[in-house]
Amino acid sequence: MAPQKSKFGHLPLSTSGPVDCALTGAALLNTPAFNKGSGFPEEERVKFNLTGLLPQAVQTLEQQAERAYEQYASRPDNLAKNTFLTSLKDQNEVLYYKLLEDHLQEVFSVVYTPTEGDAIQRYSKIFRRPEGCYLNINHQERVEPDLAQWGNAEDVDYIVVTDGEEILGIGDQGVGGVLISVAKLVLTTLCAGLHPSRCLPVVLDCGTDNEELLSDELYLGLQHKRVRGQKYDEFVDTFVKAARKLYPKAYIHFEDFGLKNARRFLDLYRPKMPCFNDDVQGTGCVTLAAIMAGLDISGLHLKDIRLVVFGAGSAGVGIADAVRGAIATEGGISHEEAAKQIWLIDRPGLLTTDTEVSDAQKIFVKDASSWSDKSTDLQSVVETVRPNVLIGTSTVPGAFTESVVKAMHKNASRPIILPLSNPTRLHEAKPEDLLKWTDGQALVATGSPFDPVKGPWGENGKEVSIEVAECNNSVVFPGIGLGAVLSRASRVTDKMLVAAVHGVASMSPTKKRDQKAPLLPDVLEVKKVSVRVARNVIQAAVQEGVATERDIPEEDDELDEWIREQMWEPKYRPLRYVEPRTATRAAKGELKKAGTVVRDDVSK
Ligand SMILES: NC(=O)c1ccc[n+]([C@@H]2O[C@H](COP(=O)([O-])OP(=O)(O)OC[C@H]3O[C@@H](n4cnc5c(N)ncnc54)[C@H](O)[C@@H]3O)[C@@H](O)[C@H]2O)c1
Ligand SMILES: O=C(O)C[C@H](O)C(=O)O
Ligand SMILES: [Mn+2]
């Protein structure tokens with residue numbers, strides 16, 4: 001079959017056309033990026049020496065997905081389902097993504113938050129096969145060669161890296177953190193069509209301070225305390241430099257680094273390369289979009305915001321920064337002025353001029369003298385500052401008590417309340433309680449998925465069902481990554497992030513003026529949201545002069561088509577046999593994630 005030619009000419013990430021493959025027989029069946037199982041057509045079975053290795057029936061991807069789903073559904077609980085899916089991914093990548101796509105709503109929380117958190121906590125117990133790249137702080141000389149196993153300069157578009165120190169809200173998980181890199185990349189493929197063979201999950205193994213892991217003889221990582229200080233900084237820098245050298249076009253996504261490191265590395269690397277911290281920036285973007293949707297419903301504007309953030313860590317300050325920027329831009333005021341509308345609370349209470357704070361928190365501190373006669377705990381701050389937006393990123397379950405919420409509701413008729421701490425058990429409040437305590441008036445979105453809440457909040461006390469949006473950075477990071485990768489952005493600028501926020505906000509169901517609509521688009525809309533976010537991000541990158549890809553279409557419709565054409569989809573593509581002698585590493589299946597990379601197909 002002749003490779004298809006795009007109307008846009010050569011597309012760097014084309015996902016159409018046949019796949020070069022030098023593997024045959026059992027080796028082919030055992031390579032998930034190429035394997036089709038019972039889906040191999042007759043002529044490929046002959047050409048690739050598969051006859052005798054497969055039962056005679058040739059089945060469609062749809063039939064296979066149906067069978068796989070039945071097997072999935074028969075697993076007793078979510079962790080068992082998660083393990084089943086991991087094995088499926090290891091056998092047949094196309095089938096895995098097809099199943100995920102067909103049952104998106106149901107599987108989202110199984111391959112991602114919260115179930116992935118359970119899989120991470122049990123990593124060394126449920127481990128079967130390695131996934132991703134494991135780098136060792138004690139062998140920094142091996143960082144570059146180890147990373148180099150993943151391909152040539154052109155082969156990697158997207159890297160997710162974690163050091164495992166602050167996974168979700170469950171703390172230090174050491175080497176198990178690799179599964180957050182894996183899960184975030186599953187989402188970039190599922191939600192934004194990044195080619196699965198062109199994504200690289202990395203864990204920087206620095207040891208762990210988690211006593212349970214240190215005393216577990218099955219623990220798979222370096223079994224010593226976390227290495228900190230200069231050696232740690234050098235390790236991160238060695239990784240970043242090696243990644244840049246080996247894969248100069250790749251976008252680097254930092255995930256779940258510890259509080260002291262997340263912001264520091266972002267500030268250090270952001271001016272020099274296309275990188276992104278999901279906990280700081282992704283969370284900031286999606287939460288700002290949710291707040292904007294909530295303001296729309298309550299008829300308020302950014303200038304009216306009075307925001308209390310409970311838990312001023314990576315996510316909390318990232319959100320505060322995003323909101324501060326938006327207030328300043330809209331009102332034409334300084335960032336210092338805008339910061340007066342935001343109050344940060346952490347372990348010591350409200351952050352004031354008397355509290356020890358980080359550089360990132362500094363702009364938000366309040367004058368201690370004006371609080372000297374008042375308590376600075378959450379309840380007192382809420383009573384004093386009368387917020388209309390309350391965010392939880394503290395990992396303290398139940399922190400938003402009935403009394404706090406009622407105090408807030410006294411002064412805000414439609415309080416926007418976003419308990420964002422993951423996984424589910426760490427949420428600052430449950431949506432059903434928030435709605436109960438506010439007579440159905442709270443505008444709620446949560447960090448993990450929740451079922452709709454039923455209550456007597458319709459006209460004349462009629463029972464209604466209120467859907468609760470998931471305010472998770474997963475709404476936005478895949479689209480931002482897609483935009484950055486396709487435009488080959490040399491940086492991720494603030495304007496690109498603001499453009500992403502507007503992309504999400506423009507797709508909020510509240511735009512339809514439904515007072516009971518969820519604040520953010522539904523998970524079933526993820527692909528559309530990603531295209532919209534990517535479009536905005538690409539246009540901003542072009543305006544900012546950081547897009548290095550030439551020939552980016554200008555018109556919205558054409559740009560959307562250009563984006564969609566480059567998104568990978570779970571479909572079987574014909575295999576084209578190439579002699580092992582002449583094959584690329586990808587075609588030989590030699591890359592750790594043996595590639596269905598087809599960079600050259602379109603231009604040949
Ligand atoms: N929904 C999302 O998209 C999203 C994104 C990022 C993080 N999160 C969640 O937010 C939580 C925090 O993540 P992070 O990356 O910011 O972690 P972090 O460690 O950087 O921040 C947590 C902050 O909460 C503070 N805190 C702890 N106990 C407190 C208490 N009793 N009172 C007040 N503050 C307290 C800590 O001192 C710290 O500053 C996690 O549960 C994480 O899963 C959610
Ligand atoms: O991983 C998630 O679900 C969101 C976020 O990045 C987190 O750390 O909680
Ligand atoms: Mn995270």
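The values are calculated or read from the model by the stated rules, or taken from the named source; none is laboratory data. Remember, predicted model here, so these are calculated numbers, not experimental data. Quick reminder, even Gly has a Cβ in these numbers, built from the backbone with ideal geometry, and neighbours come from all protein chains shown. Just the protein is used for accessible areas: all its heavy atoms, side chains included, with ligands, DNA and RNA removed. Shrake-Rupley method; radii C 1.70, N 1.55, O 1.52, S 1.80 Å.
Here is a check on your reading of the model: is residue 74 touching a residue at least 40 places away in the same chain (Cβ under 8 Å) and surrounded by fewer than 21 Cβ atoms within 10 Å (Cβ to Cβ)? Answer is no for this residue.
Residues in region 387-403 that are more than 16 Å from ligand 3 (Cβ to nearest atom) and within 24 Å of residue 283 (Cα to Cα): 387, 388, 389, 390, 396, 397, 398, 399, 400, 401. Considering 157, 209, the condition of being touching a Lys or Arg at 6+ places or on another chain (Cβ under 6 Å) and open to solvent by 10 Å² or more (accessible area, probe 1.4 Å) is satisfied by 209 alone. Counting only strands (runs of 3 or more DSSP E) wholly contained in region 439-541, the ones carrying 2 or more residues that are open to solvent by less than 20 Å² (accessible area, probe 1.4 Å) and away from ligand 1 (no atom under 16 Å from the Cβ) occupy 453-455. I'd like to check something: does region 274-289 contain any residue that is out of contact with any helix residue (DSSP H, G or I) (no Cβ under 8 Å at 6 or more places or on another chain) and either assigned to a loop (DSSP other than H, G, I, E, B) or without any contact (Cβ under 8 Å) to a residue 60 or more places away in the chain (or both)? Looking through region 274-289, none of the residues is out of contact with any helix residue (DSSP H, G or I) (no Cβ under 8 Å at 6 or more places or on another chain) and either assigned to a loop (DSSP other than H, G, I, E, B) or without any contact (Cβ under 8 Å) to a residue 60 or more places away in the chain (or both).
Looking at region 254-267, is at least one residue away from ligand 2 (no atom under 16 Å from the Cβ) and closer than 24 Å to residue 479 by Cβ? Yes.
Counted as qualifying within region 133-250 are the strands (runs of 3 or more DSSP E) with 3 or more residues that are more than 16 Å from ligand 3 (Cβ to nearest atom), namely 133-136, 199-205. Can you find, within region 161-175, the residue that is nearest to ligand 1 (Cβ to nearest atom) among those that are open to solvent by less than 10 Å² (accessible area, probe 1.4 Å) and within 17 Å of the chain's Cα centre (by Cα)? Applying the filter and picking the extreme gives 167.
The set of residues in region 370-410 that are touching a strand residue (DSSP E or B) at 6+ places or on another chain (Cβ under 8 Å) and part of a loop (DSSP other than H, G, I, E, B) comprises 375, 376, 377, 387, 388, 393, 394, 396, 399, 400. Selection of first residues in region 251-272 that are at positive phi and outside any strand (DSSP E or B) and of second residues that are of a type in the set (Val, Ile, Thr) and within 14 Å of ligand 2 (Cβ to nearest atom), restricted to Cβ pairs under 6 Å at least 6 apart or on distinct chains, gives the following pairs, ordered by first then second residue: 256/162; 256/167; 256/180. Could you check, for region 304-318, whether at least one of its residues is away from ligand 2 (no atom under 16 Å from the Cβ), touching a Pro at 6+ places or on another chain (Cβ under 6 Å) and open to solvent by 20 Å² or more (accessible area, probe 1.4 Å)? Taking every residue of region 304-318 in turn, at least one turns out to be away from ligand 2 (no atom under 16 Å from the Cβ), touching a Pro at 6+ places or on another chain (Cβ under 6 Å) and open to solvent by 20 Å² or more (accessible area, probe 1.4 Å). In region 358-369, the residue that is most open to solvent (accessible area, probe 1.4 Å) out of those that are without any contact (Cβ under 8 Å) to a residue 40 or more places away in the chain and assigned to a loop (DSSP other than H, G, I, E, B) is 367. Remark: pairs (first residue in region 149-171, under 26 Å from residue 258 (Cβ atoms) and charged (D, E, K, R); second residue part of a loop (DSSP other than H, G, I, E, B) and more than 16 Å from ligand 1 (Cβ to nearest atom); Cβ separation under 8 Å; 6+ apart in sequence or on different chains) = 163/206; 165/206. One residue stands out in region 380-397 among those that are of a type outside the set (A, V, I, L, M) and open to solvent by 40 Å² or more (accessible area, probe 1.4 Å): the one that is nearest to residue 353 (Cα to Cα), namely 384.
For region 436-476, filtering for residues that are closer than 30 Å to residue 191 by Cα and either of a type in the set (A, V, I, L, M) or assigned by TED's automatic domain parsing to the domain that holds residue 190 (or both) leaves 10. Would you call residue 302 out of contact with any strand residue (DSSP E or B) (no Cβ under 7 Å at 6 or more places or on another chain) and within 15 Å of ligand 1 (Cβ to nearest atom)? For residue 302, the condition - out of contact with any strand residue (DSSP E or B) (no Cβ under 7 Å at 6 or more places or on another chain) and within 15 Å of ligand 1 (Cβ to nearest atom) - is not met. Pairing residues of region 215-231 that are exposed (fewer than 10 other Cβ atoms within 10 Å of the Cβ) with residues that are polar (S, T, N, Q), at Cβ distances under 7 Å and at least 6 apart in sequence or on separate chains, gives 218/124. Considering region 408-438, and only residues there that are open to solvent by less than 20 Å² (accessible area, probe 1.4 Å) and farther than 20 Å from residue 393 by Cβ, the residue that is farthest from the chain's Cα centre (by Cα) turns out to be 438. When the criteria are applied in full, residue 246 meets the requirement of being more than 16 Å from ligand 2 (Cβ to nearest atom) and buried (at least 19 other Cβ atoms within 10 Å of the Cβ).
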